[in-house]
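The values are calculated or read from the model by the stated rules, or taken from the named source; none is laboratory data. Values in this document were obtained by computation on a predicted structure and should not be read as measured data. All Cβ positions, glycine included, derive from the backbone under ideal geometry; neighbour counts span all protein chains shown.
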């Protein structure tokens with residue numbers, strides 16, 4: 001249950017809990033649990049990156065462990081409006097945690113994250129849900145950014161609109177193949193997650209029917225850009241030391 005969702009919807013709006021909303025709730029809970037399980041197994045500084053619509057309440061409602069830095073990437077205008085409403089109802093970030101926002105409109109999201117303190121040499125977990133994606137190209141840009149940020153072994157998970165796959169969601173095999181090809185081209189091994197299995201694991205039931213989203217978990221197989229830069233610097237140092245020894 002989200003204690004802050006009510007303050008973000010317009011007055012007199014009737015919340016819809018039809019089957020599509022149930023799928024969204026299941027996906028949200030699945031992502032919540034995966035985020036918390038992962039960060040609780042990280043040592044030292046914990047980095048969480050959320051790609052959202054600007055109204056993600058996870059920074060406020062989840063029980064983040066100490067030393068967690070949460071980076072929100074979302075539309076600036078929506079975010080600022082949501083922040084005001086959340087502060088009005090007393091929403092607060094857990095103590096000993098830090099919450100930082102990067103506008104989705106930034107010309108270089110990866111660089112903006114680095115300016116805020118994100119470190120691609122440290123473990124992180126990245127999640128996407130609700131981010132306004134207008135084209136397949138816009139998601140490919142996000143995926144490329146994530147690939148450059150996440151160090152090897154880190155997870156990228158979330159929920160994507162099914163139209164990105166350019167195939168009927170009911171054709172699971174073709175959707176899976178498309179996901180595998182797209183993610184692997186950016187260094188990720190991806191698995192689609194069944195909403196029904198996710199619901200069952202939570203003790204819930206979902207009716208059969210069409211759903212317009214894809215739930216997924218992907219693992220980074222490559223080094224991040226920061227890891228590659230560190231490796232290059234270290235390699236150069238070793239080479240210079242070797243040349244110095246040869247000269248002597």
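Here are a few things to note about the model shown:
- Screening residue 121 with (1) within 26 Å of residue 229 (Cα to Cα); (2) over 17 Å from the mean Cα position of the chain (by Cα); (3) surrounded by 16 or more Cβ atoms within 10 Å (Cβ to Cβ) gives one miss only, at (3).
- Residue match in the stretch 130-148 (condition: closer than 13 Å to residue 188 by Cα and assigned to a strand (DSSP E or B)): no
- Those residues of the stretch 64-99 which are surrounded by fewer than 18 Cβ atoms within 10 Å (Cβ to Cβ) and assigned to a strand (DSSP E or B), in sequence order: 98
- Boolean, residue 117 is over 30 Å from residue 8 (Cβ atoms) and either touching a strand residue (DSSP E or B) at 6+ places or on another chain (Cβ under 6 Å) or modelled with pLDDT of 95 or more (or both): no
- Residues being within 19 Å of residue 192 (Cα to Cα), in contact with a helix residue (DSSP H, G or I) (Cβ under 9 Å, 6 or more places away or on another chain) and either modelled with pLDDT under 95 or surrounded by 18 or more Cβ atoms within 10 Å (Cβ to Cβ) (or both) - total across the stretch 30-49: 3
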